[in-house]
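What follows is a set of notes on a single structure, which appears directly below.
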Amino acid sequence: MNKYLRNLNRIEFVVTMACTGKCKHCSQGECRSTDKLDKALCADAVKKIANEYNINSVMTFGGEPLLCADTVCEIHKVAKETDIPHRQLITNGYFSKNIDKIKAVAKNLADSGVNDILLSVDAFHQETIPLDIVKSFAKAILETGTQIKVQPAWLVSETDDNPYNIITREILDEFENMGISANEGNVIFPMGNALKYLGDYLKPMAENENPYWEDPADIRAICFSANGDILGNNIYKKDITDILSDYSPK
């Protein structure tokens, strides 16, 4: 076991950078990449990492990960088989307008072992993503019995009464009426589109305020980028076992 990864307990996958939204708060900015991960490599990585480290959480997100629903399901299927207890998906819920496909994907997610879905809905997502389609997906998930909560993005703070937050609260009320409660969500931080479109609301951010920051000498979570990058290497060029064993902080 690599001493710098001794506390590793979480694996994250940016399944694809393709997205169905064009959100003005997106930390990725005007990303036009359509990179997506290979599902066989992802499944292999989960098996090998779980065999060596005490992993208790796997998360898939994007972009919009359900544009690659087969990859999402394969990752969580293997996570379930390797006894990783927390299997989480973050999605905006908009990957198809076809209700039969929406229901099929919801069932496949449940069958694969996803047990925690965070649905990104708020004033920003709903500027470009139709709420009725997202509700159809949420209803289909409810019918499978899989846990689902709303994960809103707040501007300034959850309690701030700016116009965006007011709209977000109205949207959350609609999901509450469906029996879907809201997670605490996250406060938008100044990166990417957020700096470009919401700069008047945001203050500069120090490096240690970045929620994605990790101590390079004590990695707790690793994240596979949609192009395969991980820990300064790439799973298309090097086996994940070797990447983990060779890792050292720069």
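Whether a residue is within 16 Å of the chain's Cα centre (by Cα) and touching a residue at least 12 places away in the same chain (Cβ under 8 Å) was assessed, and Gly185 passes this test. Taking the criterion of being surrounded by 14 or more Cβ atoms within 10 Å (Cβ to Cβ) and in a loop (DSSP other than H, G, I, E, B), the residues of the stretch 179-196 that qualify are Ile180, Gly185, Ile188, Phe189, Pro190, Met191, Gly192.
Can you find a residue that is loosely packed, with under 15 Cβ neighbours inside 10 Å, in contact with a Lys or Arg (Cβ under 9 Å, 6 or more places away or on another chain) and either at pLDDT 95 or above or not in a helix (DSSP H, G or I) (or both) anywhere in the stretch 139-153? Yes, that holds for at least one residue. Exactly one residue out of Ile55, Ile49 is farther than 29 Å from Tyr164 by Cβ, touching a residue at least 60 places away in the same chain (Cβ under 8 Å) and buried (at least 16 other Cβ atoms within 10 Å of the Cβ): that is Ile49.
Looking at Asn92, Asn115, just one residue is among the polar types (S, T, N, Q) and surrounded by fewer than 24 Cβ atoms within 10 Å (Cβ to Cβ), and that residue is Asn115. Does Asp70 satisfy the condition of being at negative phi, in contact (Cβ under 8 Å) with a residue 12 or more places away in the chain and touching a helix residue (DSSP H, G or I) at 6+ places or on another chain (Cβ under 8 Å)? Spelling it out, Asp70 is indeed at negative phi, in contact (Cβ under 8 Å) with a residue 12 or more places away in the chain and touching a helix residue (DSSP H, G or I) at 6+ places or on another chain (Cβ under 8 Å).
The values are calculated or read from the model by the stated rules, or taken from the named source; none is laboratory data. All values derive from a computational prediction rather than experimental measurement. All Cβ positions, even for glycine, are placed from backbone atoms using ideal geometry, and neighbour counts span all protein chains on display.
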